[in-house]
Amino acid sequence: MALTRRQLLLAAAGAPLVAQANRPPNIVLIIVDELGAWMLGCYGNREIRTPNIDLLARGGTRFHTHIASAPAGSPNRATLFTGRTPRQHGIRDFLTPEPIEDPPQGQAAPPPSFQEEIMISDVLARAGYNCGYAGKWDMGAEDKPQHGFKHWATQLKTADAVTASALEFLDAQKAGQPFFLTVSYPGPQAPYEGLAAKYYEMYAGVKFETIGWDPAAPNASRGREMLGDIVGNIRKCAAALTAIDDQIPPLMKRLNERGLRDDTLIVLTGASGNLLGRHGLWGSGHASNPVNMYEESTATPMIWNWRGRSPVEAARPELVGSCDFLPTICEAVGAPVPQRNLPGRSYLTAVLGQQFPRSQPWRNLVFSELRNTLMARNNRYKLVLRNQGEGPNELYDLRADPGEKVNQYSNPSFVSVRDQLAAELDRWQKEFK
């Protein structure tokens, strides 16, 4: 949908473009489990093929650095939907001392209080949206529809089945009523079996020389079995990710066929990251004992494709996080943000290609947590504190050491930086508990 001259003038004057729309946009949110930003071509990966996700990024706005609220799918997914931190929204297993083994089946499920949370689907349903969910839920009590979702298919085992359910939802939409559809793919998960032969053949000769993997780390825990044949397993994971990437075209085709594409905002992100052998680990935060906060675990893609609203081929430098998603969606559709002591802020200004006002600059500071491990990160430094500061702790200068190889926590030259981030982390814990 092309912008009118009046809309452009209003945008230049600081008025939100969304307020000028005739109706709120449809929204398709695509979430992929265990999808680190670094795994995608649009984020610089030269060996894993993701042409369809890359095309989505080229057609809209990509945030260079988007940090998950937790390097684990369940708590971070809940933050995306509620806007609240893991310590706020009821998934609290991650705060207990970390066992090396997996918890018993069902132990990490959210308590009943999580059902009292206000999710973005609740907000949108009240605003007149028809809400549908297809794919992995991972937030407890998935046996029946909840939080404003009418279309509900949360026990699908394959990416093809998720796509089929999403297409069924799109076919049922009626003109004049906006919709919110979550398409939640299970992600490229070990042992990466059951794919069409063409995906495995695609990577049979790829050596993955630019991936940057390391031999198994001494503290590797979950996923350690994958480190015995790192290149072979990267090939399988890459095949699984390309197979998921091939689910994007059917969604786009159906939106076009139904005449919905120009009125639909598409957002793509990951539920958590994936190390794939970097740092000698496999998986995300739980890949090590104690849990890790490496960029490969915490940095997930955040892509907004909104025809006529977001500029094309845009890469934003703002450091944003999962807590910011709900406020941003609320502003995009003109809905009120739930009054729940939310730590996030809307970054819609960046999505639309505009600059934040000098009186309200973007903060460029994010936080993440998993069990006994907390992280504060700004544009240059990352602080990781464990066991209430008792350690083992880490501090990295990401500008000089993007691979997070040199721990500067005990370096006297970094004391002021360390203490400043520690103070920010303490303030965040007290304000959003």
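The values are calculated or read from the model by the stated rules, or taken from the named source; none is laboratory data. This is a predicted model, so every value here is computed, not measured. For neighbour counting, all protein chains shown are included, and Cβ atoms are generated from backbone atoms with ideal geometry for every residue, glycine included.
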Quiz prompt | All positions within segment 184-200 that are outside any loop (DSSP other than H, G, I, E, B), touching a residue at least 12 places away in the same chain (Cβ under 8 Å) and surrounded by fewer than 23 Cβ atoms within 10 Å (Cβ to Cβ) | solution = Tyr199, Tyr200
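Take Ser165 and tell me if it is within 19 Å of Ile31 (Cα to Cα) and touching a residue at least 60 places away in the same chain (Cβ under 8 Å).
Numbers: within 19 Å of Ile31 (Cα to Cα): yes; touching a residue at least 60 places away in the same chain (Cβ under 8 Å): no.
No, not satisfied.
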Quiz item: When segment 166-183 is examined, which residues are found to be outside any loop (DSSP other than H, G, I, E, B) and out of contact with any Leu (no Cβ under 9 Å at 6 or more places or on another chain)?
Solution: Glu168, Asp171
Quiz item: Which of the residues spanning segment 275-329 are on the phi < 0 side of the Ramachandran plot and among the charged types (D, E, K, R)?
Solution: Arg278, Glu295, Glu296, Arg307, Arg309, Arg316, Glu318, Asp324
Quiz item: Restricting the first residue to segment 125-138 and requiring it to be at positive phi and in a loop (DSSP other than H, G, I, E, B), which pairs with a second residue that is surrounded by fewer than 24 Cβ atoms within 10 Å (Cβ to Cβ) and at pLDDT 95 or above meet a Cβ separation below 7 Å and a spacing of at least six or different chains?
Solution: Gly128/Pro178
Exercise. Can you work out which of the residues in segment 288-304 that are crowded, with 23+ Cβ neighbours inside 10 Å and polar (S, T, N, Q) is nearest to Leu275 (Cα to Cα)?
Key: Ser297
Quiz item: Is it true that some residue in segment 55-75 is part of a loop (DSSP other than H, G, I, E, B), over 18 Å from Val366 (Cβ atoms) and modelled with pLDDT of 95 or more?
Solution: yes
Practice problem: Answer yes or no: is there a residue in segment 400-407 that is of a type in the set (Lys, Arg), surrounded by 14 or more Cβ atoms within 10 Å (Cβ to Cβ), closer than 22 Å to His66 by Cα and out of contact with any helix residue (DSSP H, G or I) (no Cβ under 7 Å at 6 or more places or on another chain). | Solution: no
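Would you mind finding the one in Pro249, Pro218 that is modelled with pLDDT of 95 or more and over 21 Å from Thr163 (Cβ atoms)? Full working, then the answer.
Values: Pro249 fails: over 21 Å from Thr163 (Cβ atoms).
After ruling out the rest, the residue left standing is Pro218.
Are there any helices (runs of 4 or more DSSP H) wholly within segment 266-378 with 2 or more residues that are farther than 25 Å from Leu425 by Cβ and under 18 Å from the mean Cα position of the chain (by Cα), and if so which?
Numbers: elements: 295-298, 325-333, 348-351.
The helices (runs of 4 or more DSSP H) meeting that bar are 325-333, 348-351.
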Quiz prompt | Single unsatisfied condition, Glu394 versus (1) under 25 Å from Ala287 (Cα atoms); (2) surrounded by fewer than 19 Cβ atoms within 10 Å (Cβ to Cβ); (3) over 23 Å from the mean Cα position of the chain (by Cα) | solution = (2)
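Filtering segment 204-236 down to residues that are touching a strand residue (DSSP E or B) at 6+ places or on another chain (Cβ under 7 Å) and not small (Gly, Ala, Ser), which residue is nearest to Glu34 (Cα to Cα)?
First pass over segment 204-236, keeping only residues touching a strand residue (DSSP E or B) at 6+ places or on another chain (Cβ under 7 Å): 217, 219-221, 227.
Still in the running and not small (Gly, Ala, Ser): 219, 227.
Details: Asn219: 20, Leu227: 17 Å.
Per the criteria, the residue is Leu227.
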Quiz prompt | Selection from segment 343-388 of residues that are modelled with pLDDT of 95 or more and among the aliphatic types (A, V, I, L, M) | solution = Leu348, Ala350, Val351, Leu352, Leu365, Val366, Leu374, Met375, Ala376, Leu383, Val384, Leu385
Quiz item: Only one residue in Lys405, Lys382 is within 26 Å of Ile303 (Cα to Cα) and not polar (S, T, N, Q). Which one?
Solution: Lys382
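Quick check on Gly403: is it at pLDDT below 95, in a loop (DSSP other than H, G, I, E, B) and not assigned by TED's automatic domain parsing to the domain that holds Ala68?
Values: at pLDDT below 95: no; in a loop (DSSP other than H, G, I, E, B): yes; not assigned by TED's automatic domain parsing to the domain that holds Ala68: yes.
When the stated conditions are applied, Gly403 does not pass them.
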Quiz prompt | Qualifying residue in segment 113-130 (condition: over 20 Å from Met293 (Cβ atoms), at pLDDT below 95 and β-branched (Val, Ile, Thr)) | solution = yes
Quiz item: Is segment 383-396 home to any residue that is in contact with a Lys or Arg (Cβ under 7 Å, 6 or more places away or on another chain), within 20 Å of Ser69 (Cβ to Cβ) and among the acidic types (Asp, Glu)?
Solution: no
Self-check item: Verdict on Glu424 being closer than 29 Å to Leu348 by Cβ, outside the structural domain of Glu295 (by TED's automatic domain parsing), assigned to a strand (DSSP E or B) and not hydrophobic (A, V, I, L, M, F, W, C)
Solution: no
